[in-house]
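Readers should treat all values here as calculations from the given coordinates under stated rules, not as data from a laboratory. Computed from a predicted structure; not experimentally measured. Cβ placement follows ideal geometry from the backbone for every residue including glycine, while neighbour counts extend to all protein chains displayed.
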């Protein structure tokens, strides 16, 4: 199975709606590693690494997001896979 890394920025009502917690829980369920954090401009930023199909599912999930929020946009950029992460974390 091929490995991938995708860096995403999510906009909309994505802060204060448990978006980071839902992202972490979904990543853990899918076996995706990386991190997620809030940005000062009210977007959420995340990096996902893992099996290609699981990363695809994670990016697709970002379009839905937290049931308490509203996603208006997702910008995703492919990056070189590094394998640097041991787990998925919420970072500050």
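Annotations for the structure displayed:
Every residue, every condition in (1) assigned to a strand (DSSP E or B); (2) within 16 Å of residue 1 (Cα to Cα), yes or no:
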site	(1), (2)
36	yes, no
41	no, no
50	yes, yes
72	yes, no
81	no, yes
89	yes, no
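- Filter pass, residue 8 being in contact (Cβ under 8 Å) with a residue 60 or more places away in the chain, under 8 Å from the mean Cα position of the chain (by Cα) and within 15 Å of residue 65 (Cβ to Cβ): yes
- Among (1) touching a residue at least 40 places away in the same chain (Cβ under 8 Å); (2) in a helix (DSSP H, G or I); (3) crowded, with 19+ Cβ neighbours inside 10 Å, the one test that residue 21 misses: (3)
- Per the listing 77, 45, 64, the residue uniquely under 14 Å from the mean Cα position of the chain (by Cα), part of a strand (DSSP E or B) and surrounded by fewer than 15 Cβ atoms within 10 Å (Cβ to Cβ) is 77.
- Members of region 1-14 that are surrounded by fewer than 17 Cβ atoms within 10 Å (Cβ to Cβ) and not in a strand (DSSP E or B): 1, 2
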